Amino acid sequence: MGEDVRKSTVSIEELTISYGSDLAVEDVTLRFEGPGLVLILGPNGAGKTTLLKAILGLLSPVKGRVLVNGVDVSGRPDKAGRYVGYVPQLFLAGSRYPVTPWELVESSLLLYRRRWPRVFAGVRDRESVASTLKLVGLHKDSWFKSLWSLSGGQRQRVLIARALVHNPPILVLDEPLSAVDPAGKVSLARFISKLSSAKLVIVTSHDPTLFLPYTKTVVLLNKRVYGAGRPEEVLTLENARLVYGDAAVLVREYVHISNGHIHT
Ligand SMILES: Nc1ncnc2c1ncn2[C@@H]1O[C@H](COP(=O)(O)OP(=O)(O)OP(=O)(O)O)[C@@H](O)[C@H]1O
Ligand SMILES: [Mg+2]
């Protein structure tokens, strides 16, 4: 499928998206260039998922547009999907859909093959599925078990494999650490960050500290953009308070987002 390090740019231009009359994101302009890790921070309801879905072409803007590698993908998931892999927030949670890791990853590859037969003409399905499951660190013993017998961290790795199997230059992950225990979170955050050495990886998280050491660009979002750039420039207490209010506190020299408790 060619080189892993490929062109990967996302340009969001004056983007406004609403659900009915409620504006979810308003006048957002951002530009990301890969490889590297982009971390989108903001409280519940800030519009993080909405922004990611717009990059995937899943939502039609009221105003503005999203370009992925120069292609306008606004409202066009068929165009975005060629370049962007997606790990959604709380995938299939609660449904217990009976599926194995192998089936989930293979079905994703077959879907891409059907959409872009020429791009995938030289790809061998079984090898691609196996190498992607290996890449995400899932032991062979688990490949043909129920997805639901796996730990939260392993399951999240399978979902990353599903998004990676067509080797997209851009990877979008919505709250990938949310259903994972503390030890699993550390290694998963490290794994996701490592992927950003070759790809543009865009991630949202309520555990920003785990990603910050690897982050190239941080975005502070609360409907509007309150800051975007290098973490040390953007993550000031002043900016964090604009977005998180009193939940933003200073721990030594680092800004910390507390879990709803106001530290005094
Ligand atoms: N399908 C929908 N229909 C109607 N309103 C929606 C829909 N999805 C999101 N919203 C609203 O849009 C706003 C932004 O939601 P969004 O899910 O993008 O926020 P978020 O930052 O991802 O939040 P969280 O941290 O809880 O995941 C919220 O006010 C939410 O209620
Ligand atoms: Mg969300």
Among the numbered criteria (1) in contact with a His (Cβ under 9 Å, 6 or more places away or on another chain); (2) within 19 Å of residue 163 (Cβ to Cβ); (3) assigned to a loop (DSSP other than H, G, I, E, B), which single criterion is violated by residue 7?
(1)
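Residues checked against (1) aliphatic (A, V, I, L, M); (2) without any contact (Cβ under 8 Å) to a residue 60 or more places away in the chain:
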position	(1), (2)
177	yes, yes
190	no, yes
205	no, no
222	no, no
233	no, yes
243	yes, no
Here's a check for you: in the stretch 33-66, which residue that is more than 11 Å from residue 204 (Cβ to Cβ) and touching a residue at least 60 places away in the same chain (Cβ under 8 Å) is nearest to ligand 1 (Cβ to nearest atom)?
43
Could you tell me how many of the residues in the stretch 237-253 are surrounded by 12 or more Cβ atoms within 10 Å (Cβ to Cβ) and not polar (S, T, N, Q)?
11
In the set 171, 159, the lone residue that is out of contact with any His (no Cβ under 9 Å at 6 or more places or on another chain), surrounded by 17 or more Cβ atoms within 10 Å (Cβ to Cβ), of a type in the set (A, V, I, L, M) and not in a helix (DSSP H, G or I) is 171
Quick check: is even one residue across the stretch 82-100 modelled with pLDDT under 90, surrounded by 14 or more Cβ atoms within 10 Å (Cβ to Cβ), within 22 Å of residue 40 (Cα to Cα) and outside the structural domain of residue 161 (by TED's automatic domain parsing)?
yes
Please specify each residue of the stretch 31-53 satisfying the condition of being of a type in the set (Val, Ile, Thr) and assigned to a helix (DSSP H, G or I).
49, 50
Can you pull out the residues in the stretch 191-223 that are at pLDDT 95 or above and of a type in the set (D, E, K, R)?
194, 199, 216, 223
With the condition kept exactly as written, say whether any residue in the stretch 52-68 is more than 14 Å from the chain's Cα centre (by Cα), modelled with pLDDT of 95 or more and of a type in the set (Lys, Arg).
yes
Whichever residue in the stretch 67-112 is part of a helix (DSSP H, G or I), over 18 Å from residue 133 (Cα atoms) and free of Cβ contacts under 8 Å to residues at least 24 places away in the same chain and, among such residues, is farthest from ligand 2 (Cβ to nearest atom)
79
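The values are calculated or read from the model by the stated rules, or taken from the named source; none is laboratory data. Note that the structure is a prediction, hence the values are computed from the model and not measured. FYI the Cβ positions are ideal-geometry reconstructions off the backbone, even for glycines, and counts take in every protein chain you see.
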